[in-house]
Amino acid sequence: MINSQDYKKIVIFCPPKKVTGGPEALHQLSHKLRAIGLENVFMHYLPKRAHPKAKNYSIYESVQTGAVEDHPHTLLIIPESMTNLIKKYPKCRKIIWWLSVDFYQILVDNRIRKQNIFQKLFYKQADREYHLEPLPDVFHWAQSYRSGVYLKNHHIPEDQIDYVCDYINPVFLESTGIKKNLHSRRILYNPKKGKKEMHSLMLNSPELEWVPIKNMNAREIRDLMAASLLYVDFGENPGRDKMLRESVSQDCCIISGRKGSSQYQQDLMIPEEYKFDFREESIPEIIDKIKTVLENYKDHIPNFLPYKNEVLNEEAVFENKLKEIFGK
C-alpha cells in the first residue's frame, strides 16, 4: 500500500496529443485518482507541446504540471514507453505501468541507437536506460496477465508487482440499446493490426464484407459495433486490447489469434474454439468459423457473456484497486 500522505505530488508521465489505448489509460488514472480524493495528481507531457491533452480525453479530469522535482516526496507513474526517465529522478519513488510489453525493448534500443557521436563523448545512453535491474524505489503495475508473466520472467520480485488494468471508454457503457441485423455479413477489424493476416483472410473471402474501424470517434465506433455481429483480431496485442473489450461490450462475437496477450485466458476470456494460430493452411478453417458465427450468431453470443461481464466491471475494479493501493 502507498501512503498518499507521504507524497506532495503524484506525477503521471504521458506522450502528448496521442489518441491510443496507452494515453487514454494514463488519463483514466489521473481521473480516478482525483475521484478517490487525491488532489495532488498531475499530468506531465513529454515531449512538451502546446495543448498536449487530446480533445478525446476531455471527459477525464486532469491538471497539467510543467515541472517535476526530484524529491523523495514525489511519486512518479511512468508508462513502459518512457523508462529512460527512471534514472533521471533518483530521489523519487517510481511506478512503471506496463500497458504494453513489446515496445519496451524496441524503444530502449531505438534511444541507444539514435545517440550521436558528440553525445557519446559525454555519456552513454545505455547507462541512462532502465534494464529491469532490481531497484528498491521502482515498483511495477501490470496492465495484463501477460505483463506480469514478462516481469516475473525478468526476475522482478512479486512483492514489487501489482495488477492494475484500465477500462474501456465510458461511451461504451452508456445504455443506448444494441440492435443487431442478424442477416449482416459485416465483419469488423482494426486495419492497424495484423495487416498480413487480415489481407490473407480478405483475399480468401471476397463474398464477405470486411469493414475497417478507422477515422471514427468513440461514439461512432460504439454504434458500428452495436449493429455488427463479429469482430476479428489477429494483431500482436502487447497488452489487454481496448478494441477487443469494446467490441464484446456491444455484443460482438470475437475471433482472434493467439499472439501476445490473446494467448492467455486471463487477458482474453473467450472460449478456445474462437482462437486460432494463424497459418496459411488454417485460413479455410478460420473462414469457416467466421461464416458459422455469422450464420448462427444467437447460438454463439452467449459464449462471450463471461468476457463481457468482466469488461463491464473493469471501471469499478480499477477504482477499487487504486483505493487499495493508495489506502483510500
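For the chain, the longest principal axis of the Cα atoms and the long axis of helix 283-295 meet at an angle of about 70 degrees. Net charge dipole, segment 98-168: roughly 520 debye, given to the nearest 20, about the Cα centre with Cβ charges of +1 for Lys and Arg and -1 for Asp and Glu. Between 0 and 90 degrees, the angle of helix 102-113 with respect to the longest Cα principal axis of the chain falls at about 50 degrees. Placing a pseudo-label 7 Å from each Cα along the Cα-to-Cβ vector at D70 and M269 gives an inter-label distance of 4.4 nm. Can you classify segment 172-228 as rounded, prolate or oblate using the Cα gyration tensor, where a ≥ b ≥ c are the square roots of its eigenvalues, rounded means a/c under 1.5, and otherwise it's prolate if a/b beats b/c and oblate if not? Oblate.
Relative contact order, whole percent, for segment 170-312 stands at 26, derived from Cα pairs under 8 Å and 6 or more residues apart.
Based on Cβ point charges of +1 for Lys and Arg and -1 for Asp and Glu, what charge dipole magnitude is obtained for the chain about its Cα centre, in debye rounded to the nearest 20? All intermediate terms of the calculation are to be shown ahead of the outcome.
Working: 48 positive and 43 negative charges, 282 e Å.
The dipole magnitude comes to about 1360 debye.
Work out, in µm²/s and without decimals, the Stokes-Einstein translational diffusion coefficient of segment 4-166 at 37 °C, 0.692 mPa s, Rh from Kirkwood over C-alpha pairs. Numbers along the way, then the final one.
On the way: Rh = 16.5 Å.
Rounded to a whole number, D works out at 199 µm²/s.
Contact order for segment 6-124, expressed relative to its length and based on alpha carbon pairs under 8 Å spaced 6+ residues apart, stands at 26 percent. Placing unit charges on the Cβ atoms only, positive for Lys and Arg and negative for Asp and Glu, gives segment 170-312 a dipole magnitude near 420 debye about its Cα centre.
Each Cα pair under 8 Å and six or more residues apart adds its sequence gap; the mean of these over the residue count of segment 104-220 is a relative contact order of 19 percent. Considering only S58, S144, L294, the residue lying farthest towards the positive end of the dipole of the chain is S58, judged by Cα position with unit charges set on Cβ.
Helical runs (DSSP H, four residues minimum) scored at -39500 (n - 2.57) apiece and divided by the length of the chain put the mean residue ellipticity at 222 nm at -9500 deg cm²/dmol. Relative to one another, the C-alpha centroids of segment 93-144 and segment 16-59 are positioned 22 Å apart. Working note: Karplus 6.51/-1.76/1.60 with θ = phi - 60° gives segment 203-217 the couplings 4, 9, 9, x, 7, 9, 9, 9, 10, x, 8, 7, 6, 10, 8 Hz, where Gly and Pro are set to x.
Classify segment 170-312 as rounded, prolate or oblate from the Cα gyration tensor: take a ≥ b ≥ c as the square roots of its eigenvalues, call it rounded if a/c is under 1.5, otherwise prolate when a/b beats b/c and oblate if not. Rounded, because the longest to shortest axis ratio a/c is under 1.5.
Any read-out appearing in this document is the output of simple, stated calculations on the displayed coordinates, not a laboratory observation. The model shown is predicted, which means the values in this text are computed figures rather than measured ones. Cβ: placed from backbone, ideal geometry, glycine included. Neighbour counts: every protein chain shown.
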